[in-house]
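Right, one structure below, let's go through it.
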Amino acid sequence: RLCWRGVRPVNVDAPVKYLAACEGGVSHFNYLRDNTLLTWMHLRLVLGFIVRLPLLLFRRLRPART
């Protein structure tokens, strides 16, 4: 959403270490719940885009003011 408002994204390196199970690594990934939430988020973004599409097209197609 920040990109839609013109804010430029910044890539930042982040140190990450994935521990094996024998090193005490634990996964809290829940396949059904996490994929359902991900799908719901994408659906909301796509529907929001469709709702805003007429305004975006209108802004792009109208003559520029001088």
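Rule-based calculations on the coordinates, nothing more; no lab input. These numbers come from a predicted model, not from an experiment. Note: ideal-geometry Cβ built from the backbone for every residue, glycine included; neighbour counts use all protein chains shown.
Annotations for the structure displayed:
- For the chain, calculated [θ]222 nm from helices alone, where every DSSP H run of n ≥ 4 adds -39500 (n - 2.57): -17000 deg cm²/dmol
- A simple count of charges around residue 51, restricted to other residues whose Cβ falls under 14 Å of its Cβ and scoring Lys, Arg +1 and Asp, Glu -1, yields +3.
- Angle in degrees between helix 31-61 and the longest Cα principal axis of the chain, rounded to the nearest 10: 20
- Of the chymotrypsin sites (Phe, Trp or Tyr not before Pro) found in region 1-58, the ones in coil according to DSSP and having at most 13 other Cβ atoms within 10 Å of their Cβ are 18, 29.
- Multiplying each eigenvalue of the alpha-carbon gyration tensor of the chain by 5 and taking the square root yields semi-axes of 40, 19, 5 Å, largest first, rounded to whole angstroms.
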